[in-house]
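Notes for the one structure printed next.
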Amino acid sequence: MTDSQSQTAPPVIEVKNIVKHYGSVIALSGVSMKVSRGEVLCLLGDNGAGKSTLIKTLSGVVRPSGGDFLVEGKPVAFTSPRDALDAGIATVYQDLAMIPLMSITRNFFMGREPVKGIPPFRHVDFKYCSEVTREEMHKIGIDIRDPNQAVGTLSGGERQCVAIARAVYFGAKVLILDEPTSALGVAQTSMVLKYIHQVQQKGLGVIFITHNVRHAFAVGNRFTVLNRGKTLGTFDKSEISLEELQNLMAGGKELQVISHELGGTI
Amino acid sequence: MTDSQSQTAPPVIEVKNIVKHYGSVIALSGVSMKVSRGEVLCLLGDNGAGKSTLIKTLSGVVRPSGGDFLVEGKPVAFTSPRDALDAGIATVYQDLAMIPLMSITRNFFMGREPVKGIPPFRHVDFKYCSEVTREEMHKIGIDIRDPNQAVGTLSGGERQCVAIARAVYFGAKVLILDEPTSALGVAQTSMVLKYIHQVQQKGLGVIFITHNVRHAFAVGNRFTVLNRGKTLGTFDKSEISLEELQNLMAGGKELQVISHELGGTI
Amino acid sequence: MAPIEQKIGDASNSDERIKQVGFLTHMMRRPELGAVAGLILVVTFFFLTADRSMFSLSGVMTILAPASQLGILAIAAALLMIGGEFDLSIGSMVAFAGLIFGAALTNFGQPLWISIIITMLLAAAMGAVNGQIVIRTRLPSFIVTLAFLFILRGLTLVGLKWATGGSTQLRGIGEVVGDGLLKRLFSGVAFQDLFSWLAAHGLIEKFDNGVPKVTGVPVSVVWFIAIAGLATWVLLRTRSGNWVFAAGGDPNSARNSGVPVDRVKTGLFALTACAAALVAIITVLDAGSTDARRGFQKEFEAIIAAVIGGCLLTGGYGSAIGAFFGAIIFGLVSIGLTYTKFDSDWFQVFLGSMLLLAVLFNNFIRRKVTGER
Amino acid sequence: MAPIEQKIGDASNSDERIKQVGFLTHMMRRPELGAVAGLILVVTFFFLTADRSMFSLSGVMTILAPASQLGILAIAAALLMIGGEFDLSIGSMVAFAGLIFGAALTNFGQPLWISIIITMLLAAAMGAVNGQIVIRTRLPSFIVTLAFLFILRGLTLVGLKWATGGSTQLRGIGEVVGDGLLKRLFSGVAFQDLFSWLAAHGLIEKFDNGVPKVTGVPVSVVWFIAIAGLATWVLLRTRSGNWVFAAGGDPNSARNSGVPVDRVKTGLFALTACAAALVAIITVLDAGSTDARRGFQKEFEAIIAAVIGGCLLTGGYGSAIGAFFGAIIFGLVSIGLTYTKFDSDWFQVFLGSMLLLAVLFNNFIRRKVTGER
Amino acid sequence: QDINIIAVTHGQANDPFWSVVKNGVSAGAKDAGVSIDYRAPETFDMVAMSQLIDAAVNQKPAGLIVSIPDSSALGPSIQKAVAAGIPVISINSGSDVSKSLGALLHVGQDEYSAGKAAGEKLKEMGGKVAICVNQEVGNVSLDQRCKGFSDGFAGTVTVLPVSNDPADVRAKVKAALSSNPDIDTVMALGASTAGEPSLAAVADAGMTGKIKVATFDLSADFLKAVAAGDAAFAIDQQQFLQGYLPVVFLANYAKYGLIPGGNVPSGPNLITKEKAAQVVELSAKGIR
Ligand SMILES: Nc1ncnc2c1ncn2[C@@H]1O[C@H](COP(=O)(O)OP(=O)(O)OP(=O)(O)O)[C@@H](O)[C@H]1O
Ligand SMILES: Nc1ncnc2c1ncn2[C@@H]1O[C@H](COP(=O)(O)OP(=O)(O)OP(=O)(O)O)[C@@H](O)[C@H]1O
Ligand SMILES: [Mg+2]
Ligand SMILES: [Mg+2]
């Protein structure tokens, strides 16, 4: 799937040798990856491997210190997350990018409020927004009590669902999800995985970051493994087994022993 | 294991009919559970079921609106997290309870700094603290670059590891972990599960909240399931299978369908 | 094994996890309605201690006039605070804009409308400069605008001396501005006809010569109410309003969600400066003069009013209508004391105590009603 | 399949993910060292523009005396700011404590040591009351202490009139306080013998009669340096210091980790009030009198100094030593201009510009050195 | 029936000068058997002051006492009071516009001529280069004192802006003296806030007696220095009378319709070495 397709249509996102320094800390030291339309790329790696940093460069939050970044074959340099949004890249950040004091509805539509009316009286139809929010949240399996409730009073998982529902609702070309399922219950997790599948079917590219190899294997087409700021390699689903992937992710650490002790159920 | 033992020695923590309201929101409407020494109780439940709220009442962060709370058979009413800590209850909060601007070491020992010297010159030996921090973090599988780095610059998983290492280090009678593994990589997750096992062996009680039934099944002795602020029931490991537990957690929602679609790999 | 009660929640709109709340409780949950409670407390206090003439029509107008001037600043300051920034230079901006306006009229002999436009444009530019410095350098706005507090105050002094040839007071503005519609938009009183009619029919008090004691509503009050209404609408109903809340609540998250935080903040700084310029124009036209001390410490009064009105100093929360009531409370306390028999030496003690009581009461009511703990 | 380079990091202390940084860079990363850069800039400016006498020994002492009084307040304000709160009442507290101290000495004829203890205790109590109100009501400290700004200032006026029988100045304090070790601890100059010796040996300037032009270091400077040292030690090396950072960084997280946040904050408020009382005692003993306007606006100068010194207004970050340099920068700018040839009307413009330049430069240097973006 | 008189001035209650005016007002009310309210804006704020006058008019007092530092800003409010039939007496500043605004008379003397008198006196004493220590730049009445002083002095005058903090005043005066050794005269605009620290600064510079220090208003410690010959003189506007007399006039006007026929100049009165000692005690009590 990898090479033959990418020759015909350029990948919707491609990065080559991306480098990112924070002061003296080297978070990414030359990472390359790409994702095409209708494909789910799973980004795997140990804690601190640089996954979040990589997707932050893709979504315009941080500017890379070096390397190339192409969207649909054309080099781009996003100066703000707005640019990425305008280019059709929607992101669920690991820290969710929500304002605790604001209501669910206002957070859901933040930055992309639908307006109506003529200029001097142009306003946002918050009633309509609330309906959309309630509906989208219901789709993901959360019945919110009141869309005007402050996001700060939601549980960790509920908050994550708001972020995911928002990204899916506004996603255009690429959907990036940074550990979306980490705080989710069983039902919500299945729902999110189903979403990813749906989004892929619609022809969007998806970048899915997770630590759960089973989740990754359930929806992913290709897997890119990061370690200490470097790419360890990219694998087609057909090329690698769940166990191999797990070992690779953990960087060969003393994983076997423990998972054996605990009955191999990780 | 459940009943016979609890007759002889009182459970370290027992709550009966705990109720908690936030303004008009009813987060807990009568929850009962208990945990004994040398036991791992897993608290399971959908998003927003009230798990975090329950453990916040146990650790003195919020005061329950009603119900009984016994520690080693004696009724208590914690007025601050300090009281809970002094009673030997160490907690990893879902939002981690760390100060982004402060260094890893200072966060690690926050509230429990070891002092030396005589009163007017009593001070904290931060060098020793840094060593302990580095060591404890290494044990959990994270090599920190510099213990004086601000916690705010750590990755999500690294931060979670600091919170866990801290709670384990200071745990005395009971260790409460609210979704500790959610942001962790494979290696770190195995490490945490191994920790829970060790802590249990040492005779501490552990309350372990997770959405991952496999993780729960790997280390738990008993499972309490919450749904919409109420207890759905408590089960011994011998009484219930992984699949039953998963269904119960999801509250019977349309889980089967999806997990089938995705190849049953959730 | 314990029995399982499998109660699966339905997705209907009524949720068993919500207690019923009354309409009143719902209303009281709005940030500004605590300020109303504070207002009631303060009014009650004066009703018991002050001269009756305080509550006559003319008494109310004498309180509203200063409250409205403060209020225009307070609403702008509230918007800026919700957007997560401060502007300590608005007091100095009142003086500086007053100088520009006065000098344009007298020294340069410009007509009123040009003078107003020049003043507004210059104020907006200065505000934008403030904002740009804050954004580019990521210094706290407190320190940047504090520098401008000094700079603008100093420039006003220098400018006044230059404009007047050595004095710190620029007079004679009333003479050069003829009467006209535009002037009446910014000075004097509105609804004069209505009040004459009311007086003629004996509905309001009048002097012996038949002139009503209150000839109308000061225009600043009209501006005040209009601005409060407009600001409330913008905050609650428009996209820009949502961006203001977002920019103040968490600028990083807002930026990550595509909100043009920098543009919002710069706009708010310009807006605040324009509010200061408006107050300057109103007071200069009313007084016919300006001096180097105009607007002194108004920045703090504006922030106080906004905070009494329920704005959070850390940004992201508050309301324009709260600032509206906050300004009225502040005006009421500071003018109201002159209607009481308390010795003026005690003025500050009373001012402080009343402020504290008003916010405490406001807070107490809000917490009681919303059940926060 | 791409080749796998399996590089497993070893747990050694050197990490390939860290670039090497020099010692200088490491030093410059401390919050206060930006303030040093600002100080250097300001000194350079005056070196080029001011009269040489500014940099003579007596010139330096002239600048240090007011800077040290401000600095004592600024260090306390910095600690409180790091702890996440403000105290706007410290200026008024200086006046109020001065009144208590003066009245205890003159009206009640108490000996010096009792007067000092009374003043300190009362100030600490008032500070604690401030803190308790802030904590119990969860109102912003800005608004609570602002109320106390007015209340204490008003009480000072009333108290002074009562103590003097109608004047706003309480005097004759010098007469009732005899000379003694205790007095010398709080007023006059230290190291007199050293300076006489230096003068006698021609190492420092002296008047024609042989008295050295500078007879010693003002005690307030000694206090200032001692307090800066102590505060730095407490912040960086003690448990309480860690609690201050934690309480300001995120009070909820701190509380959840077992930090007694309320106790810490109350203590900081009391400490700040005591710093104000100390300044009051020093100035009252030095001047021999106190009046109703003492300490006016010192709260803002203290906050400015703390912010110049790198404290975050939102709490959780800053240093005492930064406030130390911040106070010196502020003192230098405000006194230094009298040594230059600039027209005094421009005073405020310069003050503002210099403040802005100092913080900008400070910020610029810090970012350059640490590579923050 | 209770006679109520309201005084609205531009001086704050904690200003040493105006606190004496207020004491005069209170003493006058006590002696004349009337009740009195004394009000002033919290800062030198003409807009706020005009609003205070409006509020006072609204209470229909038997008499109104005002100071007029800005006739443009305050004029309309005062005219409104006159139109409402309230007898008005102006004090301290505004002698030039008092009549035209409809006030009965003016008590006091404006700051400019007091400053001019001081300047002339210091010139006579041989002063050539002076600094004018202003503790509140932008306060029009203080600015006028400075302006009057420099017009009367006719030599080189530099304004030295300072704050209310004695340590700051002392440091700045000291700095000014050391950067310009030609300065031979220091004019302070307030005795306790600017005058006393200026004396201390002169002493620090070792120039006591060589530099002439004069001040507006009185304070006990400054007067002692005058008596000791360390300071030149203090200018007394006898502001106690600016408070006392109008109350008594208005009380008599309300009771009997009696009023003096013209303005009453209350000063200036230069307190030099000879007179200083006897004034010290009164000053400490807030009467002079
Ligand atoms: N401060 C609060 N104010 C109002 N409602 C709250 C508050 N805190 C929690 N809630 C509500 O209480 C319910 C229970 O929240 P809680 O955080 O305990 O859930 P949880 O079981 O931990 O969920 P998750 O698995 O998603 O973390 C949620 O519906 C949440 O919206
Ligand atoms: N602002 C920053 N300043 C300094 N170092 C940083 C900063 N942000 C991230 N880092 C460091 O860069 C490395 C990569 O972080 P990143 O958040 O990308 O990891 P991650 O792969 O997302 O990990 P996780 O799975 O735990 O979320 C980490 O070691 C982190 O400590
Ligand atoms: Mg991450
Ligand atoms: Mg939770």
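The values are calculated or read from the model by the stated rules, or taken from the named source; none is laboratory data. These numbers come from a predicted model, not from an experiment. So basically every Cβ, Gly included, is an ideal-geometry build from the backbone, and we count neighbours across all protein chains shown.
Kindly list the number of the only condition in (1) farther than 17 Å from B:Ile164 by Cα; (2) touching a residue at least 24 places away in the same chain (Cβ under 8 Å); (3) out of contact with any Gly (no Cβ under 7 Å at 6 or more places or on another chain) that fails for B:Pro114.
Result: B:Pro114 fails condition (2) only.
Looking only at the stretch A:179-209, which residues are in contact with a Pro (Cβ under 9 Å, 6 or more places away or on another chain), within 16 Å of ligand 3 (Cβ to nearest atom) and within 12 Å of another protein chain (Cβ to nearest Cβ)?
Once the filter is applied, which keeps residues that are in contact with a Pro (Cβ under 9 Å, 6 or more places away or on another chain), within 16 Å of ligand 3 (Cβ to nearest atom) and within 12 Å of another protein chain (Cβ to nearest Cβ), the stretch A:179-209 yields only A:Ile209.
Name the pairs: first residue in the stretch B:80-107 and closer than 21 Å to B:Lys51 by Cα and small (Gly, Ala, Ser), second residue within 16 Å of ligand 2 (Cβ to nearest atom) and assigned to a helix (DSSP H, G or I), Cβ to Cβ under 9 Å, at least 6 apart or on different chains?
B:Ala97/B:Asn107; B:Ala97/B:Ala163
Mind checking whether some residue in the stretch C:291-298 is at pLDDT 85 or above, part of a helix (DSSP H, G or I) and more than 9 Å from chain D (Cβ to nearest Cβ)? Steps first, answer last, please.
From the stretch C:291-298, those at pLDDT 85 or above are C:291-298; that's our starting set.
Subsequent filtering for residues that are part of a helix (DSSP H, G or I) retains C:298.
Then drop every residue that is not more than 9 Å from chain D (Cβ to nearest Cβ), which leaves C:298.
Yes, the stretch C:291-298 has at least one match.
Kindly establish whether D:Thr272 is touching an Asp or Glu at 6+ places or on another chain (Cβ under 6 Å) and within 23 Å of D:Val129 (Cβ to Cβ).
yes
Give me the residue from the stretch B:142-154 that is β-branched (Val, Ile, Thr) and in a helix (DSSP H, G or I) and, out of that set, nearest to the other protein chains (Cβ to nearest Cβ).
Result: B:Thr153.
A quick yes/no check of all residues on (1) over 27 Å from the mean Cα position of the chain (by Cα); (2) at pLDDT below 80; (3) assigned to a loop (DSSP other than H, G, I, E, B):
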site: C:Ala2; (1), (2), (3): yes, yes, yes
site: C:Asp10; (1), (2), (3): yes, yes, yes
site: C:Asn13; (1), (2), (3): yes, yes, yes
site: C:Pro31; (1), (2), (3): no, yes, yes
site: C:Gly34; (1), (2), (3): no, yes, no
site: C:Leu41; (1), (2), (3): no, no, no
site: C:Thr44; (1), (2), (3): no, no, no
site: C:Ala74; (1), (2), (3): no, no, no
site: C:Glu85; (1), (2), (3): no, no, yes
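Does B:Gly156 satisfy being within 16 Å of ligand 1 (Cβ to nearest atom) and either touching a His at 6+ places or on another chain (Cβ under 9 Å) or at pLDDT below 85 (or both)?
Judged against the criteria, B:Gly156 is a match.
Could you identify the single residue in E:Lys123, E:Lys147 that is assigned to a helix (DSSP H, G or I), over 23 Å from E:Pro16 (Cβ atoms) and either of a type in the set (Lys, Arg) or free of Cβ contacts under 8 Å to residues at least 24 places away in the same chain (or both)?
Unique residue meeting the criteria: E:Lys123.
Can we say D:Asn107 is in contact (Cβ under 8 Å) with a residue 12 or more places away in the chain, within 14 Å of chain C (Cβ to nearest Cβ) and of a type in the set (S, T, N, Q)?
It is false that D:Asn107 is in contact (Cβ under 8 Å) with a residue 12 or more places away in the chain, within 14 Å of chain C (Cβ to nearest Cβ) and of a type in the set (S, T, N, Q).
Looking at the stretch A:131-151, which of its residues are near ligand 1 (Cβ under 10 Å from one of its atoms) and among the polar types (S, T, N, Q)?
Of everything in the stretch A:131-151, just one residue is near ligand 1 (Cβ under 10 Å from one of its atoms) and among the polar types (S, T, N, Q), namely A:Gln149.
Tell me which of these A:Pro100 doesn't satisfy, since it passes every other one: (1) within 16 Å of ligand 4 (Cβ to nearest atom); (2) buried (at least 19 other Cβ atoms within 10 Å of the Cβ).
Going through (1) within 16 Å of ligand 4 (Cβ to nearest atom); (2) buried (at least 19 other Cβ atoms within 10 Å of the Cβ) one by one, A:Pro100 breaks only (2).
Taking the stated definitions as given, is A:Val35 touching a residue at least 12 places away in the same chain (Cβ under 8 Å), within 16 Å of ligand 1 (Cβ to nearest atom) and touching a strand residue (DSSP E or B) at 6+ places or on another chain (Cβ under 6 Å)?
Values: touching a residue at least 12 places away in the same chain (Cβ under 8 Å): yes; within 16 Å of ligand 1 (Cβ to nearest atom): no; touching a strand residue (DSSP E or B) at 6+ places or on another chain (Cβ under 6 Å): yes.
No.
Restricting attention to the stretch B:39-66, report how many residues are away from ligand 1 (no atom under 12 Å from the Cβ) and over 22 Å from B:Asp86 (Cα atoms).
Number of matching residues: 3.
Does any residue of the stretch E:246-265 turn out to be of a type outside the set (A, V, I, L, M, F, W, C), crowded, with 20+ Cβ neighbours inside 10 Å, under 24 Å from E:Lys116 (Cα atoms) and away from chain D (no Cβ under 11 Å)?
no
Would you be able to tell me the number of residues in the stretch B:89-120 that are within 9 Å of chain D (Cβ to nearest Cβ), hydrophobic (A, V, I, L, M, F, W, C) and part of a helix (DSSP H, G or I)?
1
Which numbered condition in (1) modelled with pLDDT under 85; (2) surrounded by fewer than 19 Cβ atoms within 10 Å (Cβ to Cβ); (3) at positive phi is the only one that A:Gly251 fails?
(2)
I need a count of the residues in the stretch B:94-125 that are modelled with pLDDT of 90 or more and aromatic (Phe, Trp, Tyr).
2
Working carefully through the options D:Ala273, D:Ala302, D:Ala306, find the one that is under 13 Å from the mean Cα position of the chain (by Cα), within 14 Å of chain E (Cβ to nearest Cβ) and surrounded by 24 or more Cβ atoms within 10 Å (Cβ to Cβ).
Exactly one of D:Ala273, D:Ala302, D:Ala306 is under 13 Å from the mean Cα position of the chain (by Cα), within 14 Å of chain E (Cβ to nearest Cβ) and surrounded by 24 or more Cβ atoms within 10 Å (Cβ to Cβ), namely D:Ala302.
If I filter the stretch B:155-175 for residues that are in a helix (DSSP H, G or I), within 16 Å of ligand 3 (Cβ to nearest atom), within 13 Å of chain A (Cβ to nearest Cβ) and under 24 Å from D:Asp262 (Cβ atoms), do I get at least one hit? So that I can check it myself, show each step before the final result.
Start the filter on the stretch B:155-175 by keeping residues that are in a helix (DSSP H, G or I), which leaves B:156-170.
Okay, now just the ones that are also within 16 Å of ligand 3 (Cβ to nearest atom), so B:156-163.
When the remaining residues are screened for being within 13 Å of chain A (Cβ to nearest Cβ), the result is B:156-163.
Okay, now just the ones that are also under 24 Å from D:Asp262 (Cβ atoms), so B:163.
Yes, some residue in the stretch B:155-175 is in a helix (DSSP H, G or I), within 16 Å of ligand 3 (Cβ to nearest atom), within 13 Å of chain A (Cβ to nearest Cβ) and under 24 Å from D:Asp262 (Cβ atoms).
Select the helices (runs of 4 or more DSSP H) contained entirely in the stretch D:132-233, then report the ones holding at least 1 residues which are within 14 Å of chain C (Cβ to nearest Cβ).
Filter on the stretch D:132-233 gives D:141-164.
From the residues in the stretch A:132-141 that are within 11 Å of chain C (Cβ to nearest Cβ) and either surrounded by 21 or more Cβ atoms within 10 Å (Cβ to Cβ) or more than 20 Å from the chain's Cα centre (by Cα) (or both), which one is farthest from A:Tyr195 (Cα to Cα)?
The residue in question is A:Arg134.
If a residue has to be among the β-branched types (Val, Ile, Thr), within 16 Å of ligand 4 (Cβ to nearest atom) and more than 27 Å from A:Val225 (Cβ to Cβ) to count, how many in the stretch B:131-187 make the cut?
1
Having 1 or more residues that are touching a Cys at 6+ places or on another chain (Cβ under 8 Å) and aliphatic (A, V, I, L, M) is the bar; report the strands (runs of 3 or more DSSP E) wholly within the stretch E:171-270 that clear it.
E:185-188
Here's the yes/no breakdown for (1) among the small types (Gly, Ala, Ser); (2) surrounded by fewer than 19 Cβ atoms within 10 Å (Cβ to Cβ):
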site	(1), (2)
C:Gly98	yes, no
C:Thr119	no, no
C:Gly131	yes, no
C:Leu155	no, no
C:Leu160	no, no
C:Ser167	yes, yes
C:Phe186	no, no
C:Gln192	no, yes
C:Glu205	no, yes
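Quickly run through the stretch B:142-182 and pick out the residues that are small (Gly, Ala, Ser), within 11 Å of ligand 2 (Cβ to nearest atom) and surrounded by fewer than 24 Cβ atoms within 10 Å (Cβ to Cβ).
Answer for the stretch B:142-182, where residues must be small (Gly, Ala, Ser), within 11 Å of ligand 2 (Cβ to nearest atom) and surrounded by fewer than 24 Cβ atoms within 10 Å (Cβ to Cβ): B:Ala150, B:Gly152, B:Ser155, B:Gly156.
Quick grid of which residues meet (1) touching a Pro at 6+ places or on another chain (Cβ under 9 Å); (2) free of Cβ contacts under 8 Å to residues at least 40 places away in the same chain:
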position: C:Phe148; (1), (2): no, no
position: C:Leu152; (1), (2): no, no
position: C:Lys161; (1), (2): no, yes
position: C:Thr164; (1), (2): no, yes
position: C:Gln169; (1), (2): yes, no
position: C:Ile173; (1), (2): no, no
position: C:Val176; (1), (2): no, no
position: C:Gly180; (1), (2): no, no
position: C:Ala190; (1), (2): yes, yes
